[in-house]
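Take a look at the structure below.
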Amino acid sequence: MTTAARIADGPIVPIRWDDGTLDIIDQRLLPGEERHLRLSRCEDVAAAIGALAIRGAPLLGIAAAYGLVLAARDGRLEQGAALLRAARPTAVNLPRTVDLCLDIALTNPAAAVEALLNQAQRLESAEARACDAIVRHGAALLAGARTIMTVCNTGALGTGHRGTALGIIVQLADEGPVTAICCETRPLLQGARLTTWELSRHGVPAQLIVDGAAAAILRTGDIDAVVVGCDRLAANGDLINKIGTYGVALAAAAHGVPFVAAVTMSSIDRSALSGDDIRIEMRAPDEVLNLVDGVAALPGVAALNPAFDVTPAHLVSAIVTEQGVIRRADDPRVRRLRAAARNAS
């Protein structure tokens, strides 16, 4: 694995297959520095995923596919698959991609590397098309929204392309004035570090808030909608997303603010009947205890550090996928969305 610094310019390209290696933006260093990692082994890809150098459900699937190309090239396909599957447990894209790629490789072992590379490139293209369609459907649904709250990072850094929830916000900003209210998103401040960085690249005004302020700001009535991404959607519509999403959804419901989830079909897990069936990743306590300027809490203080939470389906006003929009017809917040869209047109 090697590193190289680059000057930020042009579109955000968080992942790129380049002459037999995988080039990624090291997201741990943003926004202070845009540095790329060149990953030449599947072990490097798995380590980068585990450390959150690369993240976001759709992008994890793409990275895993390319990681298996490297594993097959080194004759370590099964070992590489095991490492990738164990790197992060919650987003369904990663294990689903690993299983699909293993099936492809075992079907034609003699040409496994070429077949896996073709599959990785197909997956990357499919996720790009999904983002485009989600942005189109989501922008139509939220046409009247001008102040939008979001959680975590759901742009190019999480999807490899335009993004899901963040892509919708950027598209709306292209059509009229929009302000994004960005929750900082603990434990690793992916909203603060990554979402505000992406929005600045697009020239979209952003206001950063601490996670604890979300409910108070939703109470003021100044937020037109909340739009979030998804790491896994259970069969019953329960939404698994970055920690803090559930609290925002509760506050949005309490104050009548539409709460919309932007979900690629690749993140839907019909084998999980509800959010209770999905393993929630617990990350190292040090990510919380040592967060501010490297200063730890007092010795002996413990920390719980879940990376995700479950938002029950009844709190979600609408789900935007590449195939269209699913609305809860009995949700008064959906009527508000429709009215806003009519007024905007």
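Figures for the structure shown
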| read-out | value |
| --- | --- |
| Segments classed as strands (runs of 3 or more DSSP E), wholly inside the stretch 159-248, with at least 3 members that are surrounded by fewer than 23 Cβ atoms within 10 Å (Cβ to Cβ) | 206-209 |
| Matching residues, the stretch 80-110, being hydroxyl-bearing (Ser, Thr, Tyr) and surrounded by 22 or more Cβ atoms within 10 Å (Cβ to Cβ) | THR97 |
| Residue match in the stretch 301-316 (condition: surrounded by fewer than 23 Cβ atoms within 10 Å (Cβ to Cβ), of a type in the set (D, E, K, R) and within 27 Å of GLU127 (Cβ to Cβ)) | yes |
| Test: residue in the stretch 3-10 that is buried (at least 16 other Cβ atoms within 10 Å of the Cβ) and not in a helix (DSSP H, G or I) | no |
| The stretch 319-339, subset in contact with a Lys or Arg (Cβ under 9 Å, 6 or more places away or on another chain) and modelled with pLDDT under 95, residue surrounded by the fewest Cβ atoms within 10 Å (Cβ to Cβ) | ARG338 |
| Residues (farther than 18 Å from THR21 by Cα and either surrounded by fewer than 20 Cβ atoms within 10 Å (Cβ to Cβ) or more than 16 Å from the chain's Cα centre (by Cα) (or both)) located in the stretch 111-137 | ALA111, SER125, ALA126, ALA128, ARG129, ASP132, ALA133, ARG136, HIS137 |
| Hits in the stretch 312-333 - residues which are assigned to a loop (DSSP other than H, G, I, E, B) and not basic (Lys, Arg) | PRO312, VAL316, SER317, GLU322, GLN323, ALA329, ASP330, ASP331 |
| Test: residue in the stretch 145-157 that is under 19 Å from ALA215 (Cα atoms) and surrounded by fewer than 21 Cβ atoms within 10 Å (Cβ to Cβ) | yes |
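Conditions (1) in contact with a Phe, Trp or Tyr (Cβ under 9 Å, 6 or more places away or on another chain); (2) within 21 Å of VAL151 (Cα to Cα); (3) assigned to a loop (DSSP other than H, G, I, E, B), marked per residue:
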{"site": "LEU273", "(1), (2), (3)": "no, no, yes"}
{"site": "ASP276", "(1), (2), (3)": "no, no, no"}
{"site": "ILE280", "(1), (2), (3)": "yes, yes, yes"}
{"site": "GLU287", "(1), (2), (3)": "no, yes, no"}
{"site": "GLY300", "(1), (2), (3)": "no, no, yes"}
{"site": "LEU304", "(1), (2), (3)": "no, yes, yes"}
{"site": "VAL310", "(1), (2), (3)": "yes, yes, no"}
{"site": "ARG335", "(1), (2), (3)": "no, no, no"}
{"site": "ALA340", "(1), (2), (3)": "no, no, no"}
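The values are calculated or read from the model by the stated rules, or taken from the named source; none is laboratory data. The model shown is predicted, which means the values in this text are computed figures rather than measured ones. Note: ideal-geometry Cβ built from the backbone for every residue, glycine included; neighbour counts use all protein chains shown.
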